[in-house]
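The structure follows.
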Amino acid sequence: MNQILLESAVAAREFAYAPYSGYKVGAAILDVEGNVWTGCNVENVSYGLSICAERTAVVKMVSGGVRVIQAVAVATQDGGTPCGMCLQTLLEFALEPQSVAVFTIAGSGEVKRFFLGDLMPMGFSSDELRRT
Ligand code: THU
(Lines give C-alpha, C1' and ligand atoms only; values in the text may rest on other atoms or scores of the structure.)
Protein backbone atom coordinates (compact mmCIF):
# COMPACT_ATOMS: atom_id res chain seq x y z
CA MET A 1 0.00 0.00 0.00
CA ASN A 2 2.88 2.38 0.77
CA GLN A 3 4.22 1.71 -2.70
CA ILE A 4 0.85 2.60 -4.26
CA LEU A 5 0.74 5.76 -2.15
CA LEU A 6 4.24 6.81 -3.26
CA GLU A 7 3.48 6.08 -6.91
CA SER A 8 0.24 8.06 -6.63
CA ALA A 9 2.11 11.09 -5.26
CA VAL A 10 4.69 10.88 -8.04
CA ALA A 11 1.94 10.61 -10.65
CA ALA A 12 0.00 13.54 -9.14
CA ARG A 13 3.15 15.68 -9.34
CA GLU A 14 2.87 15.53 -13.13
CA PHE A 15 -0.27 17.68 -12.88
CA ALA A 16 1.36 20.37 -10.73
CA TYR A 17 0.71 23.89 -11.99
CA ALA A 18 3.78 25.78 -10.81
CA PRO A 19 4.78 28.29 -13.50
CA TYR A 20 5.94 30.88 -10.93
CA SER A 21 8.06 28.87 -8.51
CA GLY A 22 8.91 26.01 -10.84
CA TYR A 23 8.65 23.75 -7.76
CA LYS A 24 6.27 20.90 -8.54
CA VAL A 25 4.68 18.94 -5.72
CA GLY A 26 2.46 15.86 -5.76
CA ALA A 27 0.68 14.45 -2.71
CA ALA A 28 -1.32 11.33 -1.95
CA ILE A 29 -3.37 10.61 1.16
CA LEU A 30 -4.43 7.16 2.29
CA ASP A 31 -7.65 7.48 4.29
CA VAL A 32 -8.94 5.06 6.93
CA GLU A 33 -11.25 3.40 4.42
CA GLY A 34 -8.35 2.56 2.12
CA ASN A 35 -9.04 5.21 -0.51
CA VAL A 36 -6.19 7.21 -2.03
CA TRP A 37 -6.73 10.94 -2.67
CA THR A 38 -4.20 12.82 -4.74
CA GLY A 39 -3.33 16.49 -5.11
CA CYS A 40 -0.81 18.81 -6.69
CA ASN A 41 0.15 22.42 -6.07
CA VAL A 42 -1.86 24.92 -8.08
CA GLU A 43 -0.27 28.37 -8.25
CA ASN A 44 -1.82 31.69 -9.21
CA VAL A 45 -0.45 34.88 -10.71
CA SER A 46 -1.64 36.47 -7.48
CA TYR A 47 0.91 34.35 -5.61
CA GLY A 48 -0.87 34.22 -2.25
CA LEU A 49 -3.80 32.38 -3.80
CA SER A 50 -1.66 29.33 -4.56
CA ILE A 51 -2.56 26.08 -2.84
CA CYS A 52 -0.14 23.32 -1.87
CA ALA A 53 -0.42 19.73 -3.05
CA GLU A 54 -1.14 18.33 0.42
CA ARG A 55 -4.04 20.69 1.06
CA THR A 56 -5.46 19.99 -2.38
CA ALA A 57 -5.53 16.29 -1.43
CA VAL A 58 -7.10 17.00 1.98
CA VAL A 59 -9.84 19.10 0.39
CA LYS A 60 -10.56 16.30 -2.08
CA MET A 61 -10.75 13.73 0.72
CA VAL A 62 -13.06 15.75 2.96
CA SER A 63 -15.31 16.83 0.10
CA GLY A 64 -15.44 13.16 -0.88
CA GLY A 65 -16.95 12.36 2.50
CA VAL A 66 -13.96 11.04 4.47
CA ARG A 67 -12.35 12.74 7.48
CA VAL A 68 -9.60 10.49 8.79
CA ILE A 69 -6.07 10.26 7.36
CA GLN A 70 -3.98 7.11 7.72
CA ALA A 71 -0.81 8.03 5.79
CA VAL A 72 0.54 10.67 3.42
CA ALA A 73 3.11 10.69 0.62
CA VAL A 74 4.67 13.82 -0.86
CA ALA A 75 6.68 13.88 -4.09
CA THR A 76 9.09 16.70 -4.91
CA GLN A 77 12.37 17.08 -6.76
CA ASP A 78 14.42 17.37 -3.57
CA GLY A 79 12.45 15.29 -1.05
CA GLY A 80 11.02 18.31 0.80
CA THR A 81 8.69 17.89 3.77
CA PRO A 82 5.23 19.56 3.96
CA CYS A 83 5.03 23.23 4.99
CA GLY A 84 3.55 24.29 8.33
CA MET A 85 0.21 25.26 6.87
CA CYS A 86 -0.17 21.82 5.32
CA LEU A 87 0.96 20.07 8.51
CA GLN A 88 -1.70 21.94 10.50
CA THR A 89 -4.31 21.00 7.89
CA LEU A 90 -3.26 17.34 7.97
CA LEU A 91 -3.35 17.39 11.78
CA GLU A 92 -7.02 18.34 11.69
CA PHE A 93 -7.85 14.95 10.18
CA ALA A 94 -5.37 12.72 12.06
CA LEU A 95 -6.74 10.77 15.02
CA GLU A 96 -3.27 9.80 16.28
CA PRO A 97 -0.66 12.10 14.69
CA GLN A 98 2.13 9.89 16.01
CA SER A 99 0.79 6.98 13.94
CA VAL A 100 0.29 8.89 10.70
CA ALA A 101 3.28 8.20 8.46
CA VAL A 102 4.40 11.00 6.15
CA PHE A 103 6.59 9.69 3.34
CA THR A 104 8.66 11.96 1.14
CA ILE A 105 9.97 10.85 -2.22
CA ALA A 106 12.59 12.78 -4.16
CA GLY A 107 13.18 12.86 -7.89
CA SER A 108 16.09 10.47 -7.30
CA GLY A 109 13.61 7.94 -5.89
CA GLU A 110 14.90 8.32 -2.33
CA VAL A 111 12.11 7.71 0.19
CA LYS A 112 12.07 8.96 3.79
CA ARG A 113 9.48 8.25 6.46
CA PHE A 114 8.44 10.69 9.14
CA PHE A 115 5.46 10.84 11.49
CA LEU A 116 3.00 13.71 11.48
CA GLY A 117 3.30 14.08 15.25
CA ASP A 118 7.06 14.60 14.92
CA LEU A 119 6.81 17.06 12.03
CA MET A 120 4.11 19.07 13.87
CA PRO A 121 4.65 18.42 17.60
CA MET A 122 2.91 21.56 18.89
CA GLY A 123 0.11 22.12 16.38
CA PHE A 124 -2.86 24.24 17.29
CA SER A 125 -5.69 22.15 18.72
CA SER A 126 -9.24 22.65 19.87
CA ASP A 127 -7.98 22.45 23.47
CA GLU A 128 -6.68 25.96 22.92
CA LEU A 129 -10.08 27.12 21.65
CA ARG A 130 -11.82 25.74 24.72
CA ARG A 131 -9.53 27.72 27.02
CA THR A 132 -10.73 31.06 25.64
N1 THU B 1 4.28 23.65 -1.85
C2 THU B 1 3.49 22.55 -1.72
O3 THU B 1 2.75 22.18 -2.63
N4 THU B 1 3.54 21.87 -0.55
C5 THU B 1 4.31 22.22 0.52
O6 THU B 1 4.20 21.61 1.57
C7 THU B 1 5.27 23.31 0.39
C8 THU B 1 5.19 24.12 -0.84
C9 THU B 1 4.22 24.40 -3.10
C10 THU B 1 3.65 25.79 -2.96
C11 THU B 1 4.26 26.48 -4.17
O12 THU B 1 3.43 26.21 -5.29
C13 THU B 1 5.58 25.77 -4.35
O14 THU B 1 5.51 24.56 -3.63
C15 THU B 1 6.78 26.57 -3.89
O16 THU B 1 6.61 27.01 -2.60
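Relative to the longest principal axis of the C-alpha atoms of the chain, give the angle of the C-alpha long axis of helix 2-13, reported between 0 and 90° and rounded to the nearest 10°.
It is inclined by approximately 60 degrees.
Another question about this same structure. Multiply the residue gap between Glu7 and Ser108 by 0.36 nm, knock off their C-alpha separation, and tell me the result in nm, one decimal place.
Values: separation 101, 0.36 × 101 = 36.36 nm, distance 1.34 nm.
In short, 35.0 nm is gained.
Can you give the three extents of the C-alpha atoms in the range 2-119 along their principal axes, from longest to shortest, in whole Å?
36, 30, 23
Out of Ile4, Val111, Leu95, whose Cα points farthest toward the positive end of the dipole of the chain (charges: +1 Lys, Arg; -1 Asp, Glu; placed on Cβ)?
So the residue furthest toward the plus end is Leu95.
Rolling a 1.4 angstrom probe over the protein chains, ignoring ligands and nucleic acids, what is the accessible area of Glu110 in square angstrom, nearest 10?
Here the residue's solvent-accessible area equals roughly 110 Å².
Give me the percent of accessible area attributable to carbon and sulfur for the chain, probe 1.4 angstrom. Numbers along the way, then the final one.
Working: 4090 of 7390 Å².
Answer for the chain: carbon and sulfur cover 55 percent of the accessible area.
While we're looking at this one, here's another question. Magnitude of the Cβ-charge dipole of the chain, K/R +1 and D/E -1, about the Cα centre, nearest 20 debye?
Around 140 debye, computed over the chain.
Between Asn44 and Ser126, what is the label-point separation in nm under the 7 Å Cα-to-beta-carbon projection?
It is 2.9 nm.
The values are calculated or read from the model by the stated rules, or taken from the named source; none is laboratory data. Please read these numbers as outputs of a predicted model, since none were measured by experiment. Using ideal geometry, Cβ is built from the backbone for each residue, glycine included, and neighbour counts are taken over all protein chains shown. Side chains included, ligands, DNA and RNA excluded: accessible areas come from the protein's heavy atoms. Shrake-Rupley method; radii C 1.70, N 1.55, O 1.52, S 1.80 Å.
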